[in-house]
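S.K.: One structure is given below, represented as C-alpha cells, and several questions about it will come after.
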Amino acid sequence: MIDWKRIAVTPVTTIRETLQIIDSGAMQIALVVDTENHLLGTVTDGDIRRGILKEIQLDEPVERIMNPHPTVARSFERRDIVLAIMKLKRLNHIPVIDDDGRIIQVETLQNLINMEEKENLVVLMAGGLGSRLRPLTDECPKPLLKVGGKPVLETILENFMEYGFRRFYLSVNYRADMIRDYFGDGSRWGVLIDYIHEDKRLGTAGALSLLPEATEQPLLVMNGDLLTKVNFQQLIDFHSIHQAQATMCVREYNFQVPYGVVKIEQDRLTGIDEKPVKRFFVNAGIYVLDPKVLRFIPPGEFFDMPNLFKKIIDNNGETTAFPIREYWMDIGQMNDYERANGEFGEVFG
C-alpha cells in the first residue's frame, strides 16, 4: 500500500513542486487537500500539460490547474462497483473518501483487478448461544440464521473474501455440528476453513488460546453475528500504519437523556440542558491483533477481548481505535434481526 499522504499537496503548493511529487510517486497523481484532509481536487500529468498549454506558469499555485470535481469512491462502496466505475471512465486510480469528504486512500485499477491473496488468519466467533433470539435459536445456531436468504456467517465470509482473505478459523460451541456441516472445509467458496472447538465458553479472546498454528501476520477477529460493510483492507492498513499491537473497531453510539440535566455548583443551579444527546464510541466487535499479544491470553480460561486490550495497555502496548462509518448491525436481538432482513437487499444486494 502506498501512503496517500506522500502524494498530498495544499492548494498553494506550486505546480512545479506538484509535478515533482507526481513524477516520484507510483500512482501518477497528486491529491489537493486542506488542513483537515478534505479532498479539494486532484492533479495528473495531463492537468499540468493542459495548464502549460494555457500558459500557466509552473511557479503558480496548483489550485489553478487542479480538477476540482474528480471521480471519487465512497468508503462503503463495494469493490466490484468501484472497479466498474474505473473501467467505465478509464481511470487508473480513484480517491476514496469518507462521509465528510476526507481522503482515506487512493485505490488503483491494478489492485482491484489483481487482488492479492492475504496470508492473514481470520477468526470468526461463532459459538454463542443466541439466547436473546429464542425461539429462533432453539434449533439453529445464531450464525446460521438467515438474513437476506443466506446465513449471516456466510455473508461475513464473503465480505472477507472480497478483500483477498482466504484462511479462516470458526470458533464453535453451540450446535457446532450444524456449522461444520454447512461450511465444511470451505472448498465450496474457494477458501480454507478450520475450526476451534470450545468445550466451554471462553469469551471473545479466550478461544484464541486454542489456535493450533502460529502466524507472523496480524490476525483479524470478528463476532459471527455482525453484518457490516467495513473496508477490511483499510482496517488492516490502518493497523499497520499505526504500528499497533491491537486495533479495535469502534462505532459512534448516541444516547438521549430523557430529562433536563441540571447543572449545579455547590447549592446553586447554574443551568439546565434539556434532553441532551450524549455521544460515545463503543466496541464494534471487530479486531486486528499482532500475534505477539496472544501470550497475554490465559489458556483454557474465559477471557473477553476488553480484558485483552486492558492487558496490552497495562503493559504499555500500542492500541488504536478504528472508527466504523460504514453499515454495521449486530443481529443479537429480535428487532435488530428483523431490521437487518429489511435492509439486506439495499446494503448487500
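S.K.: For the subset of region 224-250 comprising residues that are assigned to a helix (DSSP H, G or I) and among the hydrophobic types (A, V, I, L, M, F, W, C), which member is nearest to Phe76 (Cα to Cα)?
M.R.: Residue satisfying both the conditions and the ranking: Phe232.
S.K.: Just a yes or no: is a residue in region 26-36 free of Cβ contacts under 8 Å to residues at least 60 places away in the same chain and part of a helix (DSSP H, G or I)?
M.R.: Within region 26-36 (the criterion being free of Cβ contacts under 8 Å to residues at least 60 places away in the same chain and part of a helix (DSSP H, G or I)), the answer is no, since none of the residues qualifies.
S.K.: If only one of Ile179, Ile196, Ile156 is within 25 Å of Lys229 (Cβ to Cβ) and either part of a loop (DSSP other than H, G, I, E, B) or over 23 Å from the mean Cα position of the chain (by Cα) (or both), which one is it?
M.R.: Every option except Ile179 fails the conditions.
S.K.: Hey, Leu58 hits all of (1) surrounded by fewer than 17 Cβ atoms within 10 Å (Cβ to Cβ); (2) closer than 28 Å to Phe238 by Cα; (3) in contact with a Lys or Arg (Cβ under 8 Å, 6 or more places away or on another chain); (4) at pLDDT below 90 but one; which does it fall short on?
M.R.: (2)
S.K.: Please specify each residue of region 292-318 satisfying the condition of being outside any loop (DSSP other than H, G, I, E, B) and over 19 Å from the mean Cα position of the chain (by Cα).
M.R.: Listed by number, the residues that qualify are Lys292, Val293, Leu294, Arg295, Phe296, Asn307, Leu308, Lys310, Lys311, Ile312, Ile313, Asp314.
S.K.: In region 1-15, which residue that is surrounded by 14 or more Cβ atoms within 10 Å (Cβ to Cβ) and part of a helix (DSSP H, G or I) is modelled with the highest pLDDT?
M.R.: Per the criteria, the residue is Ile15.
S.K.: Next question, about the same structure. Given (1) closer than 30 Å to Asp47 by Cβ; (2) modelled with pLDDT of 85 or more; (3) of a type outside the set (Ser, Thr, Tyr), identify the lone condition not met by Arg166.
M.R.: Every listed condition holds for Arg166 apart from (1).
S.K.: Among the listed residues Ile324, Ile331, which satisfies the condition of being modelled with pLDDT under 90 and in contact with a Cys (Cβ under 8 Å, 6 or more places away or on another chain)?
M.R.: Ile324
S.K.: Something else about it: I'm told Glu216 meets every condition in (1) surrounded by fewer than 22 Cβ atoms within 10 Å (Cβ to Cβ); (2) closer than 24 Å to Phe309 by Cβ; (3) in contact with a strand residue (DSSP E or B) (Cβ under 6 Å, 6 or more places away or on another chain) except one. Can you identify the failing condition by its number?
M.R.: With respect to (1) surrounded by fewer than 22 Cβ atoms within 10 Å (Cβ to Cβ); (2) closer than 24 Å to Phe309 by Cβ; (3) in contact with a strand residue (DSSP E or B) (Cβ under 6 Å, 6 or more places away or on another chain), Glu216 is out only on (3).
S.K.: Consider Gly128 carefully, then state whether it is part of a helix (DSSP H, G or I), farther than 16 Å from Asn231 by Cα and at pLDDT below 85.
M.R.: Answer is no for this residue.
S.K.: Among the residues of region 319-349 satisfying the criterion of being in contact with a helix residue (DSSP H, G or I) (Cβ under 8 Å, 6 or more places away or on another chain) and either polar (S, T, N, Q) or assigned to a loop (DSSP other than H, G, I, E, B) (or both), which is surrounded by the most Cβ atoms within 10 Å (Cβ to Cβ)?
M.R.: Ile331
S.K.: Among the residues of region 131-144, which ones are over 22 Å from Ile196 (Cα atoms), assigned to a helix (DSSP H, G or I) and at pLDDT below 70?
M.R.: Matches in region 131-144: Leu133 only.
S.K.: Consider only pairs whose beta carbons are under 6 Å apart and that are at least six residues apart or on different chains; among these, list those whose first residue lies in region 86-104 and is farther than 20 Å from Ile22 by Cα and whose second residue is of a type in the set (D, E, K, R) and in a loop (DSSP other than H, G, I, E, B).
M.R.: Asp98/Arg325; Asp99/Arg325
S.K.: Residues that are touching a strand residue (DSSP E or B) at 6+ places or on another chain (Cβ under 7 Å), closer than 19 Å to Gly300 by Cβ and not in a loop (DSSP other than H, G, I, E, B): does region 159-167 have at least one?
M.R.: No.
S.K.: Moving on to the next point. Would it be correct to say that Val106 is in the same structural domain as Arg167 (by TED's automatic domain parsing), within 26 Å of Glu158 (Cα to Cα) and at pLDDT 80 or above?
M.R.: No.
S.K.: Considering only region 251-270, I want to know if a residue exists there that is in a strand (DSSP E or B), hydroxyl-bearing (Ser, Thr, Tyr) and without any contact (Cβ under 8 Å) to a residue 24 or more places away in the chain.
M.R.: yes
S.K.: For residues that are in contact with a helix residue (DSSP H, G or I) (Cβ under 7 Å, 6 or more places away or on another chain) and under 12 Å from Leu144 (Cα atoms), scanning just region 173-195, find the one that is surrounded by the fewest Cβ atoms within 10 Å (Cβ to Cβ).
M.R.: Tyr182
The values are calculated or read from the model by the stated rules, or taken from the named source; none is laboratory data. Because the structure is predicted, anything quoted here is derived from the model rather than measured. Please note: Cβ atoms are built from the backbone with ideal geometry, for glycine as well, and neighbour counts cover all protein chains shown.
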